[in-house]
Structure formats: structure tokens, C-alpha cells
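For reference, the structure is listed below as C-alpha cells.
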Amino acid sequence: MTRLRKVVLKEKSFESPAELHALLAQELGFPDYYGANLDAFEDCLEDVYVPTRIIIKRCKGHRKEWFDGFEDVVRDVARRSDFVYCVIR
């Protein structure tokens, strides 16, 4: 039986989208050709076939607009996928 993989994304931990893309590529095992943009993130996330819970922890005081796009992609893919689960805190 495959164990549930857990990835925690704390908004306050990232200064740029590039940092977040790098962590996602590493944690989710994206291929070397991962394009590090939201379209590529969605494409690769749709190809995740290991049960994965992505926990998104938003900042109350200093929300980053660019982080919204990542949240939207995770939510959308989680709705369609049998392997990706999304928790927003």
C-alpha cells in the first residue's frame, strides 16, 4: 500500500515564485524539463499518481498575490484528481 505523501506550503516561507517552483519540483518529483510556471505546474501535478496531500498555509497579514495562482492550481487539480488532495489553512 502506498503511503500518503504530504507537502506543506507556507506562504510566508517563500520570497518568490521561483523558490516555490523549486520546492514543488523537488518534493513532487517533477521531471528535469519542468518549466517552472503555473501551466507547467498544473500539467505536472495532473501527472501525480501517488496519493499526495498538499497543505497550503496562507499568511493573514502579508498575502502574496502571486501565491494565489499556486493555490488555484492545487485546488483545481485536486477537484479532478484521485491522487491530489488540497487543504487550505
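Before moving on, here are some points about what is shown:
- The single condition among (1) without any contact (Cβ under 8 Å) to a residue 24 or more places away in the chain; (2) closer than 18 Å to Tyr85 by Cβ; (3) open to solvent by 50 Å² or more (accessible area, probe 1.4 Å) that Arg5 does not satisfy is (1).
- For the stretch 77-89, filtered to residues that are part of a helix (DSSP H, G or I) and either out of contact with any Phe, Trp or Tyr (no Cβ under 7 Å at 6 or more places or on another chain) or modelled with pLDDT under 95 (or both), the residue that is least open to solvent (accessible area, probe 1.4 Å) is Val77.
- The residues of the stretch 43-53 that are open to solvent by 50 Å² or more (accessible area, probe 1.4 Å) and not in a helix (DSSP H, G or I), listed by number, are Asp47, Tyr49, Val50, Arg53.
- Qualifying position, being assigned to a strand (DSSP E or B) and modelled with pLDDT of 95 or more, among Leu9, Leu23: Leu9
A quick yes/no check of all residues on (1) in a loop (DSSP other than H, G, I, E, B); (2) open to solvent by less than 20 Å² (accessible area, probe 1.4 Å):
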| position | (1), (2) |
| --- | --- |
| Pro31 | yes, no |
| Tyr34 | yes, no |
| Phe41 | no, yes |
| Ile55 | no, yes |
| His62 | yes, no |
| Trp66 | no, no |
| Asp72 | no, no |
| Arg75 | no, no |
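The values are calculated or read from the model by the stated rules, or taken from the named source; none is laboratory data. Source: prediction; values computed, not measured. In this analysis, Cβ positions are derived from the backbone assuming ideal geometry, glycine residues included, and neighbour counts consider all displayed protein chains. In case anyone asks, the SASA skips ligands and DNA or RNA and just uses the protein heavy atoms, side chains included. Shrake-Rupley method; radii C 1.70, N 1.55, O 1.52, S 1.80 Å.
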